[in-house]
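The values are calculated or read from the model by the stated rules, or taken from the named source; none is laboratory data. Because the structure is predicted, anything quoted here is derived from the model rather than measured. Cβ coordinates were reconstructed from backbone atoms using ideal geometry, including for glycine residues, and neighbour counts include every protein chain displayed.
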Amino acid sequence: MEDALSLLEQKYASLEKQYQTVVDALYPNFIFVFDENFHFVDVITPAGLRLFHRKEELIGVDGRKFYTPQVSKLFLDTIQDCLTNNNWREIEYHLDVGDTRNYYQARIVPIEGNRVMCMIQDIGNRVRRMEELMTQRKRTEEANRHKSAFLANISHEIRTPLNAIVSFSEFLMGEERPDKRQDYMDIIRTSNSMVLQIVDDVLDLSRLESGMSEFRFEDVDVAALIKKTVEIYQPQMKPQVRLIVDMPDTVVKAPTDANRVKQVLFNFLTNAIKYTEQGSITLKVEEGDDFLKFMVIDTGCGIPESQIGLIFNRFEKIGRQVTGTGLGLAICKSIAGQLGGDVGVSSKEGVGSEFWFKIPYRHVAYDMQKAEIARESVDVSKRKKIMIVETCHENLKQIKSKLTENFEIVEVTDSEKIFSTFILDHPALILLCIDAAYRKNDVIAKIRAISPTLPIIAMATSDFYHDQRWAIENGCNDVIARPFSRSKINEVIMAFLV
């Protein structure tokens, strides 16, 4: 009897092992068993897969506790249909966890005892691919509309100078009077410059929007930058217009791209000169807590209220009598965004305008000689800087306590300040909480546009495979699941910082 029982136990263990092997092969699929009233009877998961809830939290619980009324009704109706007709059915549904929507397909099969077995398959990738295709289709249609509008605008903008070049070239060939020939050559030269400016603007905007433009971030001496700008624009001022400079008294350095800052300032000043016949143009710099603000304030004709909201769009110009492509301000907006800042304008028609743009900035009381000495001494033994992005202060405290003293910690608790802090502090690695707030923010893409190789480690609330997949697909290098030990977090970090 004992031998027979032992054989049965061995056979059962063998079958259980085979059964688990089959279940493991289903990864990442899993199985729910429900009774006729949609109560959980069993949960079967392959090794390595963790659900939103533990098995013990599900058994015996009404499924309506976890699903929306619409999804619960879909399950109940399908379960009843399967049991009544003794046939299998398939349904697709979604499950919202926080602000994240997950998509699943369930194949429901009747089994003994008025129960059903539901094989659940994650179809999130398929749904996302469909959504991406639909989005891509809309983008393509929108791109075609933009392309048509672009071609219409650019052909209009380029036709005027080209017509002048062609016409006055013909006049020049048949003109013998020196004064007229000089007039024609001046018109041709001006028209040539307009064509070149249009081409340059189109190429620059294209490179910026495609992410192909290079940005070099370094500590920029703002006073020196403003001085060079004034030296260029002072001779261009009209007789009745003064150029005024308003700078902070302290030495200001900002981590940014000097050439791109000058490009925006040059555009603002060029426009101010065009539209200002008398009075003044003020180039002003202000220090804020988080941003350095550049302003170009003029006493020109101002902007009609109806056009203020459109002024940074492509091909927008105030008055067709003024030369230009209408692309300059669109370029400024793109540059400011990629520098981690923003642009804007306030204006009153007949009074003047104020164009501004901001870049990330943190005030430092510079002592130039001491700064150089400190830099030389720190470079040899500089600690690696890690930026921790975490909304929960308690979690932030725990993470910091688990890191070794070899790291310099930069804390970010506001999702809107991730990119500007990244630019200001140049971290060697980022630990990023991937909760709902940060998933909505496209900050990873912005960082990747500047630094494709910077290690970004996502901190997930658990090691759910879809959280891991989301993080990797969106540009993270690795994912660590909470809770994690001191040794684990330091091991992961050091793998990227050696």
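Taking the criterion of being touching a Phe, Trp or Tyr at 6+ places or on another chain (Cβ under 9 Å), free of Cβ contacts under 8 Å to residues at least 60 places away in the same chain and over 19 Å from E473 (Cβ atoms), the residues of region 109-147 that qualify are V109, P110.
Conditions (1) outside the structural domain of D257 (by TED's automatic domain parsing); (2) surrounded by 19 or more Cβ atoms within 10 Å (Cβ to Cβ); (3) under 30 Å from F52 (Cα atoms); (4) at pLDDT 80 or above, marked per residue:
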{"site": "E394", "(1), (2), (3), (4)": "yes, no, yes, yes"}
{"site": "Q398", "(1), (2), (3), (4)": "yes, no, yes, yes"}
{"site": "S420", "(1), (2), (3), (4)": "yes, yes, no, yes"}
{"site": "I423", "(1), (2), (3), (4)": "yes, yes, no, yes"}
{"site": "A437", "(1), (2), (3), (4)": "yes, no, yes, no"}
{"site": "D442", "(1), (2), (3), (4)": "yes, no, yes, no"}
{"site": "A449", "(1), (2), (3), (4)": "yes, no, no, no"}
{"site": "S487", "(1), (2), (3), (4)": "yes, no, yes, yes"}
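When residues in region 285-305 are screened for being surrounded by fewer than 17 Cβ atoms within 10 Å (Cβ to Cβ) and hydroxyl-bearing (S, T, Y), 0 of them pass.
Note on region 73-89: among residues that are in contact with a Phe, Trp or Tyr (Cβ under 7 Å, 6 or more places away or on another chain) and not β-branched (V, I, T), the one that is nearest to T45 (Cα to Cα) is F75. Being within 25 Å of K274 (Cβ to Cβ), loosely packed, with under 14 Cβ neighbours inside 10 Å, of a type in the set (G, A, S) and modelled with pLDDT of 85 or more is not true of G344. Looking only at region 246-304, which residues are basic (K, R), in a helix (DSSP H, G or I) and in contact with a Phe, Trp or Tyr (Cβ under 7 Å, 6 or more places away or on another chain)? Matches in region 246-304: R260 only. Restricting attention to region 206-223, the residues that are modelled with pLDDT of 70 or more and aliphatic (A, V, I, L, M) add up to 3. Note on region 215-236: residues that are among the polar types (S, T, N, Q) and within 17 Å of F294 (Cβ to Cβ) amount to 1.
Each residue in region 228-269 was checked for being over 24 Å from K333 (Cβ atoms), crowded, with 16+ Cβ neighbours inside 10 Å and touching an Asp or Glu at 6+ places or on another chain (Cβ under 8 Å), and 2 of them qualify. Is it the case, given these coordinates, that F40 is in a strand (DSSP E or B), at pLDDT 85 or above and buried (at least 17 other Cβ atoms within 10 Å of the Cβ)? So F40 passes the test. The set of residues in region 80-133 that are acidic (D, E) and crowded, with 17+ Cβ neighbours inside 10 Å contains only D122. Applying the criterion of being touching a helix residue (DSSP H, G or I) at 6+ places or on another chain (Cβ under 8 Å) and aliphatic (A, V, I, L, M) to the residues of region 53-103, the residue that is modelled with the highest pLDDT is I91. Residues of region 166-195 that are modelled with pLDDT under 85 and among the polar types (S, T, N, Q): S167, T190, S191, N192, S193.
Within region 54-64, restricting attention to residues that are part of a helix (DSSP H, G or I) and surrounded by fewer than 13 Cβ atoms within 10 Å (Cβ to Cβ), the residue that is farthest from the chain's Cα centre (by Cα) is E56. Taking each residue of region 269-298 that is on the phi > 0 side of the Ramachandran plot and looking for partners that are assigned to a strand (DSSP E or B) with beta-carbon atoms closer than 8 Å, six or more apart or interchain, yields G279/V241; G279/R242; G279/D298; G279/G352.
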